[in-house]
1. Write out, first by first residue and then by second, each pair whose Cβ atoms fall under 6 Å of each other, whose residues are 6+ apart or on separate chains, and whose first residue, in the stretch B:129-152, is closer than 20 Å to B:N173 by Cβ while the second is outside any loop (DSSP other than H, G, I, E, B).
2. With the condition kept exactly as written, say whether any residue in the stretch B:100-110 is in contact with a strand residue (DSSP E or B) (Cβ under 9 Å, 6 or more places away or on another chain) and either at the interface with chain A (Cβ under 8 Å from one of its Cβ atoms) or farther than 20 Å from B:P48 by Cβ (or both).
3. Could you list, in sequence order, the residues of the stretch B:103-118 that are within 17 Å of B:G172 (Cα to Cα) and among the hydrophobic types (A, V, I, L, M, F, W, C)?
4. From B:R94, B:R118, B:R175, which residue is on the phi < 0 side of the Ramachandran plot and touching a residue at least 24 places away in the same chain (Cβ under 8 Å)?
5. With the structure loaded, tell me whether B:A119 is of a type outside the set (S, T, Y) and either facing another protein chain (nearest Cβ under 8 Å) or more than 17 Å from A:G121 (Cα to Cα) (or both) or whether it fails that test.
6. Consider A:L116 against the criteria (1) closer than 28 Å to B:R111 by Cβ; (2) in a loop (DSSP other than H, G, I, E, B): it satisfies all of them except one. Which criterion is unmet?
7. Starting from the stretch A:200-212, take each residue that is outside the structural domain of A:P160 (by TED's automatic domain parsing) and list its partners that are outside any loop (DSSP other than H, G, I, E, B) and modelled with pLDDT under 95, counting only C-beta distances under 6 angstrom and pairs at least six apart or across chains.
8. When the residues of the stretch A:48-60 are filtered to those that are at the interface with another protein chain (Cβ under 10 Å from one of its Cβ atoms) and in contact (Cβ under 8 Å) with a residue 24 or more places away in the chain, which remaining residue is nearest to B:A101 (Cα to Cα)?
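The values are calculated or read from the model by the stated rules, or taken from the named source; none is laboratory data. The shown structure was predicted, so the numbers you read here are calculated from the model rather than taken from an experiment. Heads up, the Cβs are rebuilt from the backbone with ideal geometry, glycines too, and the neighbour counts pull from every protein chain shown.
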There are 2 protein chains.
Amino acid sequence: MTLQGYFRSSAAWRVRIALNLKGLAHEHGFRHLRRGEQAMPDYLAKNPQGLVPVLEVPGQGVLAQSLAILEWLEETQPGAKLLPADPWGRARVRALAGIIACDIHPIQNLRVLQYLKRAMGQEQAAIDAFARHWITRGLTAFETRLAEAEAGAFCHGDAPGLADACLVPQLGNARRFGADLAPFPRILRVEAACAALPAFAKAAPEAQPDAE
Amino acid sequence: MTLQGYFRSSAAWRVRIALNLKGLAHEHGFRHLRRGEQAMPDYLAKNPQGLVPVLEVPGQGVLAQSLAILEWLEETQPGAKLLPADPWGRARVRALAGIIACDIHPIQNLRVLQYLKRAMGQEQAAIDAFARHWITRGLTAFETRLAEAEAGAFCHGDAPGLADACLVPQLGNARRFGADLAPFPRILRVEAACAALPAFAKAAPEAQPDAE
């Protein structure tokens, strides 16, 4: 399998974590987002959205959308489970993932911020404040949900999974935009537990070959 | 089960479609988003994100995030299947759903547009253009994927499912913002096939008791 990504893309980062948690060997391809390499014809043929990541699966084809990729890995690949066994727990983990993958990350994604600058003429300070606003709002809800009984050393129980694979990359973005994470002690505790695991450490942006 | 929603919320609309496709009896609660009823303490106790929908399940609790609710319904409830049986097809349907639920809807959601107006001082015409931009961009990719062999009368094969439940409400938003749908004949064909089904007709905003 080959993951086409970008070191700083938090959606690609999620998939790197999942591949590592499952212990799956894989290759990396790189698309430099600030140079627009995800909008080139050869990449659009893989993913008409022109977004990273995609996962190329030999003999099968190309998978797009990070959450769909994570669910496919869960359904077809051996290794650590990304979702709990009980449907109610699975729904909780997917809801936590959705807070980030639906309601934070797409709003503060590079292409939206570029639109605010180019089409709306917003200053960088206002753009950064926009990103921080949605990050802080989403993480506030996430922090509240980490007080639920199902939370443990990780987002759900005492093993890392799909929600953790979404949370950790979002915190990278949060720091890049200068968000204050001090109000989120439960989130920071989960992040520290993740950081201690090689699956997460190996997936970090600064550990990628295309890191700048 | 009780669905807490709002007639115009496309995320609530998705869940209404899924409940109808599965033939599940349910109650409706209503939160008027423009009056901020989703930010009241009794609702925040159900969902700290302050977003609709949530699904209240007697004896179990409250589920948030529309995609997580749809997956939970699929895993636990009888009736029509929202996802195909094969993992590759499931990944395709989830990716189509993600184009809308991650990469269109959250960006053009009411709260983001209100931010552009209140915090960034944007005019209504520029705000509507912002919404149309992301809708058109996402639907363009969606249209391309509807040329894939797996598409049929509906997004995936000849029965409606999770991707259709996300697509149809997004088209409601598209028209509200004045997006041109003429470049999307495959999407419009799927929409027409859905509109002919009672499960979709009953879920439409104008058919809801809180419609204005």
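1. Close Cβ pairs satisfying both conditions: B:I135/B:A174; B:G138/B:I99; B:A141/B:I99; B:F142/B:I99; B:E143/B:R186; B:E143/B:I187; B:L146/B:R186.
2. Among the residues of the stretch B:100-110, not one is in contact with a strand residue (DSSP E or B) (Cβ under 9 Å, 6 or more places away or on another chain) and either at the interface with chain A (Cβ under 8 Å from one of its Cβ atoms) or farther than 20 Å from B:P48 by Cβ (or both), which makes the answer no.
3. Scanning the stretch B:103-118 gives B:I104, B:I107, B:L110, B:L113.
4. Exactly one residue qualifies, and that residue is B:R94.
5. yes
6. A:L116 satisfies every listed condition except (2).
7. Once the first residue is outside the structural domain of A:P160 (by TED's automatic domain parsing) and sits in the stretch A:200-212, its partners that are outside any loop (DSSP other than H, G, I, E, B) and modelled with pLDDT under 95 give A:D210/A:F30.
8. A:L51
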